[in-house]
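Okay, so here's the structure we're looking at.
The values are calculated or read from the model by the stated rules, or taken from the named source; none is laboratory data. Computed from a predicted structure; not experimentally measured. FYI the Cβ positions are ideal-geometry reconstructions off the backbone, even for glycines, and counts take in every protein chain you see. When the accessible area is computed, the model is the full protein with side chains, heavy atoms only, and any ligands, DNA or RNA have been set aside. Shrake-Rupley method; radii C 1.70, N 1.55, O 1.52, S 1.80 Å.
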Amino acid sequence: MSSSPKPEMTLSLTLSPGSTLQEVVNPQERGVRLIQLLLTCAKHASSSNLHRADECLRQISLLASVSGDSMQRLSAWFASALAVRLVKRWPGLHKVLNYTQLPKQDQLGQAQPLFGRVCPYLGFSYAIISRTLIKAMTGERVIHLVDLGSGDANLWIPLLRSFSCLLDGQPHLKVTCMNANKATLEELGPRLVKEAEALGLPFQFAPLNVSLRELTLDKLGVKSGEALAFISILNLHSLLAEDDSVDAHFSHNKTNGIKDSKQMFRFLSTIRSSSPKLFFLVEKEADHNLNKLVDRFVEGLHYYSAVFDSVDATFGGNTSSRERLVLEEMFGKEIENIVACEGVEREERHERYGRWMVRFAQAGFKPVMMWHDSTEDAKQMVEACGRNGYKIVNERASLMICWHDRPLYAVSAWTC
(Lines give C-alpha, C1' and ligand atoms only; values in the text may rest on other atoms or scores of the structure.)
Protein backbone atom coordinates (compact mmCIF):
# COMPACT_ATOMS: atom_id res chain seq x y z
CA MET A 1 0.00 0.00 0.00
CA SER A 2 1.50 3.33 -0.98
CA SER A 3 0.93 6.74 0.49
CA SER A 4 -1.31 9.27 -1.19
CA PRO A 5 0.39 11.30 -3.92
CA LYS A 6 1.79 14.66 -2.96
CA PRO A 7 -0.22 17.60 -4.27
CA GLU A 8 1.17 19.70 -7.06
CA MET A 9 3.14 22.56 -5.51
CA THR A 10 3.97 24.69 -8.52
CA LEU A 11 3.77 28.36 -7.58
CA SER A 12 3.63 31.24 -10.04
CA LEU A 13 5.86 33.93 -8.59
CA THR A 14 6.02 36.91 -10.91
CA LEU A 15 5.84 40.60 -10.14
CA SER A 16 5.15 43.52 -12.38
CA PRO A 17 8.35 44.72 -14.09
CA GLY A 18 10.31 47.15 -11.98
CA SER A 19 8.30 46.65 -8.77
CA THR A 20 10.06 47.58 -5.55
CA LEU A 21 9.03 46.74 -1.99
CA GLN A 22 7.74 50.27 -1.49
CA GLU A 23 5.54 49.95 -4.58
CA VAL A 24 4.02 46.58 -3.65
CA VAL A 25 0.66 47.70 -2.20
CA ASN A 26 -1.70 45.41 -4.15
CA PRO A 27 -2.54 42.49 -1.79
CA GLN A 28 -2.17 39.86 -4.50
CA GLU A 29 1.17 41.20 -5.68
CA ARG A 30 2.34 41.60 -2.10
CA GLY A 31 1.38 37.98 -1.38
CA VAL A 32 3.36 36.75 -4.39
CA ARG A 33 6.39 38.77 -3.29
CA LEU A 34 6.16 37.40 0.25
CA ILE A 35 6.05 33.78 -0.95
CA GLN A 36 8.99 34.49 -3.23
CA LEU A 37 11.03 35.97 -0.40
CA LEU A 38 10.08 33.22 2.07
CA LEU A 39 11.10 30.42 -0.27
CA THR A 40 14.38 32.18 -1.09
CA CYS A 41 15.05 32.71 2.61
CA ALA A 42 14.31 29.04 3.35
CA LYS A 43 16.84 27.98 0.74
CA HIS A 44 19.49 30.29 2.21
CA ALA A 45 18.71 29.10 5.74
CA SER A 46 18.99 25.49 4.58
CA SER A 47 22.43 26.14 3.09
CA SER A 48 23.52 28.25 6.11
CA ASN A 49 23.93 31.39 4.01
CA LEU A 50 23.25 33.72 6.92
CA HIS A 51 23.85 37.08 5.22
CA ARG A 52 21.47 36.39 2.35
CA ALA A 53 18.87 34.88 4.66
CA ASP A 54 19.12 37.98 6.85
CA GLU A 55 18.55 40.24 3.84
CA CYS A 56 15.46 38.24 2.87
CA LEU A 57 14.09 38.56 6.41
CA ARG A 58 14.69 42.31 6.33
CA GLN A 59 12.63 42.59 3.14
CA ILE A 60 9.91 40.30 4.49
CA SER A 61 9.62 42.48 7.61
CA LEU A 62 8.62 45.43 5.39
CA LEU A 63 5.66 43.50 3.96
CA ALA A 64 4.54 41.03 6.66
CA SER A 65 2.48 41.84 9.75
CA VAL A 66 0.72 39.81 12.47
CA SER A 67 -2.20 42.26 12.14
CA GLY A 68 -2.40 42.30 8.32
CA ASP A 69 -4.31 40.10 5.91
CA SER A 70 -4.00 36.30 6.12
CA MET A 71 -0.94 36.16 3.81
CA GLN A 72 0.84 38.90 5.77
CA ARG A 73 0.12 37.16 9.07
CA LEU A 74 1.17 33.75 7.75
CA SER A 75 4.39 35.25 6.40
CA ALA A 76 5.17 36.88 9.73
CA TRP A 77 5.03 33.50 11.50
CA PHE A 78 7.08 31.69 8.86
CA ALA A 79 9.66 34.49 8.87
CA SER A 80 9.84 34.30 12.66
CA ALA A 81 10.41 30.53 12.42
CA LEU A 82 13.24 31.04 9.94
CA ALA A 83 14.79 33.68 12.22
CA VAL A 84 14.66 31.28 15.17
CA ARG A 85 16.35 28.61 13.06
CA LEU A 86 19.18 31.01 12.27
CA VAL A 87 19.54 32.23 15.87
CA LYS A 88 19.76 28.63 17.11
CA ARG A 89 23.24 28.50 15.56
CA TRP A 90 24.22 30.46 18.71
CA PRO A 91 22.73 28.37 21.58
CA GLY A 92 23.49 30.95 24.28
CA LEU A 93 21.81 33.76 22.37
CA HIS A 94 18.81 31.57 21.56
CA LYS A 95 18.40 30.54 25.19
CA VAL A 96 18.50 34.13 26.48
CA LEU A 97 15.95 35.27 23.90
CA ASN A 98 13.59 32.53 25.12
CA TYR A 99 13.77 33.42 28.81
CA THR A 100 10.49 35.32 28.67
CA GLN A 101 8.59 32.68 26.67
CA LEU A 102 5.65 30.99 28.39
CA PRO A 103 6.11 27.24 28.90
CA LYS A 104 4.62 25.23 26.03
CA GLN A 105 1.89 23.69 28.22
CA ASP A 106 0.78 27.16 29.41
CA GLN A 107 0.52 28.40 25.83
CA LEU A 108 -1.50 25.36 24.76
CA GLY A 109 -3.72 25.73 27.82
CA GLN A 110 -4.82 29.14 26.56
CA ALA A 111 -5.11 28.34 22.86
CA GLN A 112 -6.56 24.82 22.64
CA PRO A 113 -9.96 25.57 24.24
CA LEU A 114 -10.22 28.59 21.98
CA PHE A 115 -9.38 26.48 18.93
CA GLY A 116 -12.15 24.03 19.79
CA ARG A 117 -14.63 26.86 20.32
CA VAL A 118 -14.06 29.05 17.26
CA CYS A 119 -12.98 26.44 14.68
CA PRO A 120 -15.27 23.46 13.94
CA TYR A 121 -12.48 20.95 13.13
CA LEU A 122 -12.40 19.38 16.59
CA GLY A 123 -16.18 19.61 16.95
CA PHE A 124 -16.64 17.65 13.72
CA SER A 125 -14.01 15.12 14.84
CA TYR A 126 -15.63 14.61 18.25
CA ALA A 127 -19.08 14.14 16.71
CA ILE A 128 -17.73 11.55 14.26
CA ILE A 129 -15.93 9.66 17.05
CA SER A 130 -18.94 9.77 19.38
CA ARG A 131 -21.35 8.48 16.77
CA THR A 132 -19.04 5.65 15.69
CA LEU A 133 -18.13 4.71 19.26
CA ILE A 134 -21.73 4.56 20.52
CA LYS A 135 -22.74 2.33 17.64
CA ALA A 136 -19.76 0.00 18.09
CA MET A 137 -20.13 -0.29 21.87
CA THR A 138 -23.89 -0.89 22.02
CA GLY A 139 -24.50 -4.04 24.04
CA GLU A 140 -21.19 -3.90 25.93
CA ARG A 141 -21.54 -3.86 29.72
CA VAL A 142 -18.04 -2.68 30.70
CA ILE A 143 -16.39 -0.09 28.44
CA HIS A 144 -12.85 1.21 28.88
CA LEU A 145 -11.93 4.33 26.85
CA VAL A 146 -8.35 5.60 26.80
CA ASP A 147 -7.66 9.25 25.96
CA LEU A 148 -4.14 9.50 24.54
CA GLY A 149 -3.47 13.09 25.46
CA SER A 150 -6.40 15.35 24.54
CA GLY A 151 -7.89 15.89 28.01
CA ASP A 152 -10.70 17.87 26.40
CA ALA A 153 -14.00 18.03 28.27
CA ASN A 154 -15.69 18.97 24.98
CA LEU A 155 -15.03 15.41 23.83
CA TRP A 156 -15.92 13.62 27.07
CA ILE A 157 -19.00 15.42 28.43
CA PRO A 158 -21.13 14.71 25.31
CA LEU A 159 -19.81 11.13 25.25
CA LEU A 160 -20.89 10.54 28.85
CA ARG A 161 -24.34 11.92 28.05
CA SER A 162 -24.63 9.66 25.00
CA PHE A 163 -23.65 6.54 26.97
CA SER A 164 -26.17 7.41 29.69
CA CYS A 165 -29.00 7.32 27.13
CA LEU A 166 -28.38 3.91 25.52
CA LEU A 167 -31.62 1.98 24.97
CA ASP A 168 -30.15 -1.29 26.26
CA GLY A 169 -29.15 0.29 29.57
CA GLN A 170 -26.18 2.17 30.91
CA PRO A 171 -22.81 0.44 30.78
CA HIS A 172 -20.07 0.75 33.39
CA LEU A 173 -17.78 3.34 31.83
CA LYS A 174 -14.11 3.68 32.69
CA VAL A 175 -12.09 6.56 31.22
CA THR A 176 -8.31 6.51 31.46
CA CYS A 177 -6.92 9.90 30.56
CA MET A 178 -3.22 10.07 29.75
CA ASN A 179 -1.69 13.53 29.78
CA ALA A 180 1.76 14.93 30.53
CA ASN A 181 0.15 18.03 32.04
CA LYS A 182 -0.98 17.20 35.57
CA ALA A 183 -3.16 20.32 35.77
CA THR A 184 -5.24 19.10 32.82
CA LEU A 185 -5.96 15.84 34.63
CA GLU A 186 -6.79 17.59 37.90
CA GLU A 187 -9.30 19.81 36.12
CA LEU A 188 -10.88 17.15 33.90
CA GLY A 189 -11.30 14.33 36.44
CA PRO A 190 -13.63 16.03 38.97
CA ARG A 191 -15.65 17.54 36.15
CA LEU A 192 -16.32 14.14 34.54
CA VAL A 193 -17.06 12.48 37.89
CA LYS A 194 -19.59 15.21 38.72
CA GLU A 195 -21.22 14.87 35.27
CA ALA A 196 -21.46 11.07 35.60
CA GLU A 197 -23.05 11.38 39.05
CA ALA A 198 -25.66 13.79 37.68
CA LEU A 199 -26.44 11.31 34.89
CA GLY A 200 -26.52 8.31 37.23
CA LEU A 201 -23.87 6.66 35.04
CA PRO A 202 -21.58 4.03 36.61
CA PHE A 203 -18.24 5.69 36.05
CA GLN A 204 -14.55 5.50 36.91
CA PHE A 205 -11.90 8.06 36.03
CA ALA A 206 -8.24 7.02 36.00
CA PRO A 207 -5.68 9.84 35.52
CA LEU A 208 -2.32 8.88 34.05
CA ASN A 209 0.32 11.63 34.26
CA VAL A 210 2.74 10.34 31.60
CA SER A 211 3.66 11.11 28.00
CA LEU A 212 3.01 8.87 25.01
CA ARG A 213 6.63 7.74 25.09
CA GLU A 214 6.26 6.61 28.70
CA LEU A 215 2.96 4.79 28.26
CA THR A 216 2.90 1.02 28.86
CA LEU A 217 0.02 -1.44 28.98
CA ASP A 218 0.49 -2.22 32.65
CA LYS A 219 -0.07 1.48 33.44
CA LEU A 220 -3.45 1.37 31.69
CA GLY A 221 -4.85 -1.30 33.98
CA VAL A 222 -6.80 -3.06 31.23
CA LYS A 223 -8.90 -5.92 32.62
CA SER A 224 -10.38 -9.00 31.01
CA GLY A 225 -13.92 -8.47 29.72
CA GLU A 226 -13.55 -4.75 29.04
CA ALA A 227 -14.53 -3.42 25.62
CA LEU A 228 -11.46 -1.29 24.97
CA ALA A 229 -11.02 1.74 22.70
CA PHE A 230 -8.25 4.31 22.27
CA ILE A 231 -8.68 7.92 21.13
CA SER A 232 -5.76 9.99 19.86
CA ILE A 233 -6.46 13.64 19.03
CA LEU A 234 -3.63 15.48 17.22
CA ASN A 235 -0.97 13.76 19.30
CA LEU A 236 0.26 10.48 17.81
CA HIS A 237 2.58 12.14 15.25
CA SER A 238 4.90 13.21 18.08
CA LEU A 239 6.15 9.61 18.29
CA LEU A 240 7.68 10.04 14.83
CA ALA A 241 10.31 12.41 16.25
CA GLU A 242 13.73 10.83 15.86
CA ASP A 243 17.35 11.53 15.01
CA ASP A 244 17.14 12.48 11.32
CA SER A 245 20.90 12.19 10.85
CA VAL A 246 20.60 8.46 11.58
CA ASP A 247 17.68 8.21 9.16
CA ALA A 248 19.70 9.99 6.46
CA HIS A 249 22.64 7.64 7.00
CA PHE A 250 20.42 4.57 6.71
CA SER A 251 18.19 5.96 3.96
CA HIS A 252 17.29 2.45 2.80
CA ASN A 253 15.14 2.01 5.93
CA LYS A 254 11.93 2.90 4.14
CA THR A 255 8.73 1.02 3.35
CA ASN A 256 6.79 2.15 0.28
CA GLY A 257 8.72 5.42 0.40
CA ILE A 258 7.74 6.01 4.04
CA LYS A 259 10.41 6.46 6.70
CA ASP A 260 10.44 3.58 9.14
CA SER A 261 9.80 4.54 12.75
CA LYS A 262 10.69 1.86 15.27
CA GLN A 263 9.15 3.89 18.07
CA MET A 264 5.79 4.23 16.27
CA PHE A 265 5.78 0.56 15.26
CA ARG A 266 6.49 -0.55 18.84
CA PHE A 267 3.75 1.71 20.22
CA LEU A 268 1.08 0.59 17.74
CA SER A 269 2.08 -3.06 18.14
CA THR A 270 1.81 -2.71 21.92
CA ILE A 271 -1.64 -1.16 21.62
CA ARG A 272 -2.76 -3.91 19.25
CA SER A 273 -1.63 -6.58 21.73
CA SER A 274 -4.34 -5.30 24.10
CA SER A 275 -6.97 -6.23 21.45
CA PRO A 276 -8.85 -2.92 21.35
CA LYS A 277 -12.21 -2.87 19.68
CA LEU A 278 -11.41 0.51 18.12
CA PHE A 279 -8.56 3.00 17.79
CA PHE A 280 -9.59 6.50 16.72
CA LEU A 281 -7.02 8.77 15.11
CA VAL A 282 -7.36 12.49 14.36
CA GLU A 283 -4.36 14.10 12.64
CA LYS A 284 -3.58 17.04 10.43
CA GLU A 285 -3.78 16.07 6.76
CA ALA A 286 -0.33 17.38 5.92
CA ASP A 287 3.14 16.05 5.17
CA HIS A 288 5.57 17.81 7.50
CA ASN A 289 7.67 14.73 8.29
CA LEU A 290 10.24 15.49 5.59
CA ASN A 291 14.00 15.64 6.10
CA LYS A 292 14.70 18.60 3.79
CA LEU A 293 13.81 22.00 5.21
CA VAL A 294 12.68 23.49 1.89
CA ASP A 295 10.34 20.54 1.21
CA ARG A 296 8.51 20.80 4.51
CA PHE A 297 8.60 24.60 4.31
CA VAL A 298 6.67 24.52 1.02
CA GLU A 299 4.25 21.93 2.39
CA GLY A 300 3.79 24.04 5.51
CA LEU A 301 3.03 27.17 3.49
CA HIS A 302 0.32 25.35 1.54
CA TYR A 303 -1.24 23.82 4.63
CA TYR A 304 -1.21 26.79 6.97
CA SER A 305 -2.33 29.23 4.27
CA ALA A 306 -5.63 27.31 4.18
CA VAL A 307 -5.76 27.26 7.99
CA PHE A 308 -5.23 31.02 8.20
CA ASP A 309 -7.88 31.59 5.52
CA SER A 310 -10.38 29.62 7.59
CA VAL A 311 -9.45 31.66 10.67
CA ASP A 312 -10.03 34.80 8.61
CA ALA A 313 -13.52 33.59 7.72
CA THR A 314 -14.25 33.01 11.42
CA PHE A 315 -13.16 36.46 12.60
CA GLY A 316 -14.14 38.40 9.48
CA GLY A 317 -12.26 41.66 9.08
CA ASN A 318 -11.25 41.91 12.74
CA THR A 319 -7.48 41.48 12.30
CA SER A 320 -6.69 42.78 15.78
CA SER A 321 -8.91 40.33 17.69
CA ARG A 322 -7.17 39.08 20.83
CA GLU A 323 -8.67 35.62 20.32
CA ARG A 324 -7.36 35.45 16.76
CA LEU A 325 -3.88 36.45 17.93
CA VAL A 326 -3.86 33.73 20.60
CA LEU A 327 -5.07 31.13 18.11
CA GLU A 328 -2.54 32.08 15.44
CA GLU A 329 0.25 32.11 17.99
CA MET A 330 -0.54 28.43 18.61
CA PHE A 331 -0.23 27.76 14.88
CA GLY A 332 2.91 29.90 14.85
CA LYS A 333 4.52 27.65 17.47
CA GLU A 334 3.70 24.64 15.31
CA ILE A 335 5.27 26.38 12.31
CA GLU A 336 8.34 27.21 14.38
CA ASN A 337 8.77 23.57 15.37
CA ILE A 338 8.42 22.41 11.75
CA VAL A 339 10.88 24.99 10.41
CA ALA A 340 13.35 25.76 13.19
CA CYS A 341 13.81 22.35 14.83
CA GLU A 342 15.55 19.14 13.82
CA GLY A 343 15.96 15.65 15.24
CA VAL A 344 13.99 14.57 18.32
CA GLU A 345 13.19 18.23 19.04
CA ARG A 346 11.02 18.39 15.90
CA GLU A 347 7.77 16.83 17.09
CA GLU A 348 5.28 18.40 14.66
CA ARG A 349 5.78 15.60 12.10
CA HIS A 350 2.29 15.47 10.64
CA GLU A 351 1.67 12.87 7.95
CA ARG A 352 -1.15 12.32 5.47
CA TYR A 353 -3.73 9.60 5.96
CA GLY A 354 -2.13 7.46 3.23
CA ARG A 355 1.03 7.17 5.32
CA TRP A 356 -0.93 6.38 8.47
CA MET A 357 -2.65 3.56 6.56
CA VAL A 358 0.75 1.98 5.96
CA ARG A 359 1.90 2.43 9.57
CA PHE A 360 -1.29 0.95 11.06
CA ALA A 361 -1.30 -1.93 8.58
CA GLN A 362 2.30 -2.77 9.51
CA ALA A 363 1.21 -3.08 13.15
CA GLY A 364 -1.71 -5.36 12.26
CA PHE A 365 -4.64 -2.91 12.24
CA LYS A 366 -7.45 -2.69 9.67
CA PRO A 367 -9.42 0.48 8.81
CA VAL A 368 -13.04 0.72 9.94
CA MET A 369 -15.73 2.33 7.81
CA MET A 370 -17.24 4.85 10.20
CA TRP A 371 -20.47 5.76 8.44
CA HIS A 372 -22.66 3.87 5.98
CA ASP A 373 -24.23 6.98 4.46
CA SER A 374 -21.38 9.39 5.06
CA THR A 375 -22.27 11.88 2.32
CA GLU A 376 -25.71 12.70 3.71
CA ASP A 377 -24.57 12.54 7.34
CA ALA A 378 -21.64 14.85 6.66
CA LYS A 379 -23.87 17.33 4.86
CA GLN A 380 -26.23 17.45 7.83
CA MET A 381 -23.35 17.89 10.28
CA VAL A 382 -21.88 20.81 8.34
CA GLU A 383 -25.30 22.45 7.98
CA ALA A 384 -25.87 22.10 11.73
CA CYS A 385 -22.56 23.86 12.32
CA GLY A 386 -23.87 26.91 10.48
CA ARG A 387 -20.49 27.73 8.90
CA ASN A 388 -19.85 28.22 5.19
CA GLY A 389 -16.78 26.81 3.46
CA TYR A 390 -16.42 23.55 5.42
CA LYS A 391 -16.84 20.06 3.98
CA ILE A 392 -16.55 16.51 5.27
CA VAL A 393 -15.42 14.09 2.57
CA ASN A 394 -15.18 10.30 2.70
CA GLU A 395 -11.80 9.06 1.47
CA ARG A 396 -10.59 5.47 1.77
CA ALA A 397 -12.46 4.74 5.04
CA SER A 398 -11.37 8.07 6.56
CA LEU A 399 -13.34 11.28 6.85
CA MET A 400 -11.53 14.41 5.69
CA ILE A 401 -12.53 17.71 7.25
CA CYS A 402 -11.90 20.32 4.55
CA TRP A 403 -11.79 24.07 4.23
CA HIS A 404 -13.40 24.43 0.80
CA ASP A 405 -11.61 21.70 -1.18
CA ARG A 406 -8.44 21.53 0.94
CA PRO A 407 -8.39 18.60 3.42
CA LEU A 408 -6.99 19.89 6.73
CA TYR A 409 -7.84 17.16 9.25
CA ALA A 410 -8.34 13.41 8.83
CA VAL A 411 -10.47 11.27 11.16
CA SER A 412 -10.02 7.51 10.96
CA ALA A 413 -10.89 4.41 12.99
CA TRP A 414 -8.97 1.13 13.22
CA THR A 415 -9.55 -2.34 14.60
CA CYS A 416 -7.64 -5.56 15.01
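Taken per residue, the accessible surface of the chain reaches 45 Å², heavy atoms only and a 1.4 Å probe. Computed 3J(HN,Hα) for the range 43-49, one whole-Hz value per residue from the Karplus formula 6.51 cos²θ - 1.76 cosθ + 1.60 where θ = phi - 60°, is 5, 5, 5, 5, 9, 6, 8, glycine and proline marked x.
When all protein chains stay in place and ligands, DNA and RNA are ignored, the 1.4 Å accessible-area order of MET357, MET137, largest first, is MET357, MET137. Normalised by the number of residues in the chain, the average gap of Cα pairs under 8 Å and 6 or more apart makes the relative contact order 19 percent. Per-residue SASA remark: THR138, around 80 Å² accessible (1.4 Å probe; ligands, DNA and RNA not included).
When a 1.4 Å probe is rolled over the protein heavy atoms, the share of accessible surface on the chain that falls to carbon and sulfur comes to 53 percent.
Kirkwood hydrodynamic radius computed over the range 347-416 comes to 13.1 Å, based on all pairs of distinct alpha carbons.
When the square roots of the Cα gyration tensor eigenvalues are ordered a ≥ b ≥ c, the ratio a/c for the range 30-153 is 1.5 or more and a/b exceeds b/c, which makes its shape prolate.
Taking a 1.4 Å probe, which of HIS288, HIS404 shows the most accessible area, and what order do the others take after it?
HIS404, HIS288
About the centre of its Cα atoms, the range 346-416 shows a dipole size close to 340 debye [charges on the beta carbon of Lys, Arg (+1) and Asp, Glu (-1) only; nearest 20 debye]. Largest accessible area first, the residues SER75, SER224 order themselves as SER224, SER75 under a 1.4 Å probe with ligands, DNA and RNA left out.
Kindly identify the range 29-95 as rounded, prolate or oblate by the Cα gyration tensor criterion: order the square roots of the eigenvalues as a ≥ b ≥ c, call it rounded if a/c is under 1.5, otherwise compare a/b with b/c, prolate if a/b is larger, else oblate. Oblate. Per-residue 3J(HN,Hα) values for the range 203-211, derived from phi via the Karplus relation 6.51 cos²θ - 1.76 cosθ + 1.60 with θ = phi - 60°, read 8, 9, 10, 10, x, 9, 8, 9, 8 Hz in sequence order (x marks Gly and Pro). The calculated Kirkwood hydrodynamic radius for the chain is 22.9 Å, given to one decimal from all distinct C-alpha pairs. Exposure check, 1.4 Å probe, all protein chains in place: GLU347 carries approximately 60 Å² of accessible surface. Among the protein heavy atoms, those of LEU220 account for about 10 Å² of accessible surface (1.4 Å probe, every chain in place). Annotation: amide H of ALA227 within the under-5 Å range of VAL142, ILE143, HIS144, sequence separation 5 or more or interchain, hydrogens built in the peptide plane. May I ask for the percentage of alpha-carbon pairs in the range 118-192 that lie more than 18 Å from each other? Here the long-distance tail beyond 18 Å is 41 percent of all Cα pairs in the range 118-192. Ellipticity at 222 nm from helices only: DSSP H runs of n ≥ 4 in the chain, each -39500 (n - 2.57), divided by the residue count, give -16000 deg cm²/dmol.
Summary: within the chain, the longest segment free of chymotrypsin sites (Phe, Trp or Tyr not before Pro) located in DSSP loops with at most 11 other C-beta atoms within 10 Å is 251-416. Largest GNM mean-square fluctuation among CYS402, CYS165, CYS341, using the chain with Cα springs under 10 Å: CYS165. Give the shape of the range 293-416 as rounded, prolate or oblate, defined through the alpha-carbon gyration tensor: a ≥ b ≥ c are the square roots of its eigenvalues, a/c under 1.5 means rounded, and otherwise the shape is prolate if a/b is larger than b/c and oblate if not. Cα axes put the range 293-416 in the oblate bin.
Between PHE203 and LEU173, the built amide H atoms are under 5 Å apart, and every one of these is 5 or more places off in sequence or on another chain.
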